[in-house]
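The values are calculated or read from the model by the stated rules, or taken from the named source; none is laboratory data. The structure presented is a predicted model; accordingly, all values stated were derived computationally and were not measured. Virtual Cβ from ideal backbone geometry, glycine too; neighbours counted across all protein chains shown.
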Amino acid sequence: MNFKKYKLKDLIDNFSVRAREYGGSEGLEFLGVSNDDGIVKSKSAAEHKGEEYKIIEKGCFAYNPYRINIGSIAYHNEDIKGLISPAYVVFKTKPNSIKDNLLFKFLKSSEGLRQIRFHGRGTVRQALRFEDLCKIEISIPTYEEQEKLISSIEKTEIESNIISSELTHQLDLIKQLRQAFLREAMQGKLCQADSVKANETGQHLLEKIKAEKANLITDKKLKKEKELQTITTDEIPFEIPKNWAWCRLGDTGNLKRGKSKHRPRNDEELFIGGTIPFIQTGDVSKAKYNNDLITTINGYYNDFGLKQSELQNKGTLCITIAANIAECGFLDFDACLPDSIVCYLAIDKIIEKYVYYYLKTAKDELERFAPATAQKNINLGILNDLKIPFPPLHEQEQIVTKLEELMTFCVGLEQSIKESQGYNEMLLQQVLREALQQPKDESKVIVLKSRKIEQPLKTILGGHIINQCNTTDFGRVKFQKLLYLTEYFCKIDFDSHYVKKAAGPYDENLIKKIEADFNRMRFFNVIQDRTDTKRVHYTALPAASQINTIFLENFNEESVKINNLLMKLRPLSWEECEVLATIYAVWNNRLIKGEPIEDSILYNDFMAWDAQKIKYKSIFHKKLFWMKEENIIPDGWGKYVDKPDKKMA
């Protein structure tokens, strides 16, 4: 195919026809644009101003100038005339210039969105007028050849959609698997038969809890509670082992609501100059993405805020009873909470963890008690009355240990599938991008073994690494090791100066420059961890969503190799990445000097790197084998990594 580059001004015409110029608005339907559904019926049309609305007909493209930067553009392919807001841009393609569906695919692609954002006006709220749209460039073949190009793209899209559907189906299966594990656990099917102790039963444990509560009431540390009703035979939903007991959740521990007396709850007087964490139901809901820990904070109370509330201890199990019912998580810090969150305290942390897992199975049951209002909620009484199968403590410990293992297994499967989803979408966008680029003259192509890059491309690549690998344990150590491995394995020259440090190859200046640029380019905030002064977190800023597009634009040729490497490294802990980067460095150092390579020699070099490497003695050979299996093998490219100069040390 012969490609030619055009500006859209050469391919499209503005179609700005008002209803009053067309013959009036009577009988025409009011329409709008949805990012997901295309042309839809409008829910917010000013029908009394219908004469001022624009006409939209078959073959028209339409978009809101303030929402097209998130891909909200639609093509009207039905033979129906309608009305659309006068604020919208409506246009058509010129005859025999570009196929409508080819242009639509381009404008919805990552490259189309990149140019839309580039040509948009404004900073806080971007807008793309018709004259801005006309500046966008696209490379296309002749009108006659475009159908062949579209067929090729659509074939790739069909294959990608099949993969996407299968991956979504796999995620659904994992959700079902997780619920099956929880169900089996709560019916006693995960306990080993030989672990049953005749002198220990769920009823014995309940009596012990009851006695402990009585002591707390006597010591005035706990208010006397209303006696909960005994569970009748008719109420029992399923069979449990004979040494277990059916009881109410309130029998197993103490449930109490959070406290936030002052109204309005968001009064700034509660927060000015505050340092005491205050969480809301949304923070509890996010715990499922952070190893069951509540790590986010809604705000910080001052002394006045604390006085009308109550501080709960780190490790407390929190349960939501409003908005998101029965979402659970454990506090990762001392915090105050509102009365829409309930605290659960038991005589043993194992019981709290067991209850946490049971509540995951009881979420649907609890939601049935919530009234059908805009914001669902239940009361403390409903939570206290919840039926729960209760094993003896040693069996609860078994169940918790097994479930933690199984849930970790499920998380690993989900993570792998989500990585595949992201990679599938990335490859589709890359195919579309390449399809709409004029092929390079092969006689002029120069194959380079490496590419030297300067800021801000270092920052763009660094931002892409974080976007792909920002898991819960991600911090500066893992980031530095991934930068090193990406540079050396993919042969992308950062002009870095790595030296030997305890945690592996390290370039302090490189990391400082990239992190400084993260804020300047509005990619990420670099936030110091409150509990670990040596650790930082990278939290996304508005421009982080654009990194993938910018990355593909600037690293198109290297993107597949980079993403393949990152997909392999993403699930690993920062310690594992430290080991891999150090093995790679000692191996590569020997290749640079032309020295012999044997596993035993690499092991000795690894141990000689720093005295702290002794802690990885047991996993060295496992990780070296993994690198060989995954073909992450150095070839002597890059600078020798040596001890730092005395001035740097």
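Restricting attention to segment 40-57, the residues being of a type outside the set (Gly, Ala, Ser), more than 19 Å from Phe130 (Cα to Cα) and not in a helix (DSSP H, G or I) number 3. Within segment 500-541, restricting attention to residues that are part of a helix (DSSP H, G or I), more than 15 Å from His464 (Cα to Cα) and out of contact with any Phe, Trp or Tyr (no Cβ under 7 Å at 6 or more places or on another chain), which residue is modelled with the lowest pLDDT? Result: Arg520.
Would you please name the residue that is nearest to Tyr344 (Cα to Cα), looking only at residues in segment 242-268 that are in contact (Cβ under 8 Å) with a residue 60 or more places away in the chain and part of a loop (DSSP other than H, G, I, E, B)? Top of the filtered list is Gly253. The single condition among (1) within 30 Å of Ala287 (Cβ to Cβ); (2) of a type outside the set (A, V, I, L, M, F, W, C); (3) touching a Pro at 6+ places or on another chain (Cβ under 7 Å) that Asn467 does not meet is (3). Do we find a residue being in the same structural domain as His464 (by TED's automatic domain parsing), at pLDDT below 85 and touching a strand residue (DSSP E or B) at 6+ places or on another chain (Cβ under 7 Å) anywhere in segment 599-615? No, the conditions are met nowhere in segment 599-615.
Could you please find all residues in segment 479-499 being assigned to a helix (DSSP H, G or I) and of a type outside the set (A, V, I, L, M)? The answer is Phe479, Gln480, Lys481, Tyr484, Thr486, Glu487, Tyr488, Phe489, Cys490.
Within the group Glu157, Glu166, Glu239, Glu207, which residue is assigned to a loop (DSSP other than H, G, I, E, B), among the acidic types (Asp, Glu) and not assigned by TED's automatic domain parsing to the domain that holds Asn101?
Glu239
Filter segment 261-294 for residues that are at pLDDT 90 or above and among the hydroxyl-bearing types (Ser, Thr, Tyr); which is farthest from Ser340 (Cα to Cα)? Among residues in segment 261-294 that are at pLDDT 90 or above and among the hydroxyl-bearing types (Ser, Thr, Tyr), the one farthest from Ser340 (Cα to Cα) is Thr275.
Across segment 107-131, the number of residues qualifying as in a loop (DSSP other than H, G, I, E, B), surrounded by fewer than 18 Cβ atoms within 10 Å (Cβ to Cβ) and more than 25 Å from the chain's Cα centre (by Cα) comes to 3.
Based on this model, can you work out whether Asn384 counts as in the same structural domain as Leu205 (by TED's automatic domain parsing) and either surrounded by 16 or more Cβ atoms within 10 Å (Cβ to Cβ) or over 20 Å from Arg248 (Cα atoms) (or both)? Criteria met by Asn384.
Residue by residue, here is whether (1) assigned by TED's automatic domain parsing to the domain that holds Ala127; (2) in contact (Cβ under 8 Å) with a residue 60 or more places away in the chain; (3) more than 16 Å from Asn14 (Cβ to Cβ) holds:
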{"position": "Phe30", "(1), (2), (3)": "yes, no, yes"}
{"position": "Ile39", "(1), (2), (3)": "yes, no, yes"}
{"position": "Ser42", "(1), (2), (3)": "yes, no, yes"}
{"position": "Glu47", "(1), (2), (3)": "yes, no, yes"}
{"position": "Ile56", "(1), (2), (3)": "yes, no, no"}
{"position": "Gly71", "(1), (2), (3)": "yes, no, yes"}
{"position": "Leu83", "(1), (2), (3)": "yes, yes, yes"}
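On inspection, Ala287 fails the criterion of being in contact with a helix residue (DSSP H, G or I) (Cβ under 7 Å, 6 or more places away or on another chain) and small (Gly, Ala, Ser).
Within segment 19-28, not a single residue is in contact (Cβ under 8 Å) with a residue 24 or more places away in the chain and in a strand (DSSP E or B).
Only one entry in Asn324, Asn384, Asn377 is touching a Pro at 6+ places or on another chain (Cβ under 9 Å) and either within 27 Å of Arg263 (Cβ to Cβ) or among the hydrophobic types (A, V, I, L, M, F, W, C) (or both), namely Asn377. Filtering segment 33-53 to residues that are under 30 Å from the mean Cα position of the chain (by Cα) and at negative phi leaves Val33, Ser34, Asn35, Asp36, Asp37, Ile39, Val40. The residue list Lys81, Lys49, Lys43, Lys54 contains one member that is in contact with an Asp or Glu (Cβ under 8 Å, 6 or more places away or on another chain) and among the basic types (Lys, Arg), which is Lys81. Just one of the listed residues (Phe474, Phe494) is modelled with pLDDT under 90, buried (at least 22 other Cβ atoms within 10 Å of the Cβ) and touching a strand residue (DSSP E or B) at 6+ places or on another chain (Cβ under 9 Å), and it is Phe494.
A count restricted to segment 591-609 and to residues that are part of a loop (DSSP other than H, G, I, E, B) and closer than 13 Å to Leu624 by Cα stands at 2.
Of all residues being part of a helix (DSSP H, G or I) and among the basic types (Lys, Arg) in segment 542-578, which is surrounded by the most Cβ atoms within 10 Å (Cβ to Cβ)? Just the residue, please.
For segment 542-578, the residue satisfying everything is Lys568.
State whether the residues of segment 218-231 include one that is surrounded by 10 or more Cβ atoms within 10 Å (Cβ to Cβ) and within 29 Å of Gly412 (Cβ to Cβ). Taking every residue of segment 218-231 in turn, none turns out to be surrounded by 10 or more Cβ atoms within 10 Å (Cβ to Cβ) and within 29 Å of Gly412 (Cβ to Cβ). Within segment 305-321, if we keep just the residues that are hydrophobic (A, V, I, L, M, F, W, C) and in contact with a helix residue (DSSP H, G or I) (Cβ under 6 Å, 6 or more places away or on another chain), the residue that is surrounded by the fewest Cβ atoms within 10 Å (Cβ to Cβ) turns out to be Cys318. Return yes or no: is Asp13 assigned by TED's automatic domain parsing to the domain that holds Ser85 and in a loop (DSSP other than H, G, I, E, B)? In short, no.
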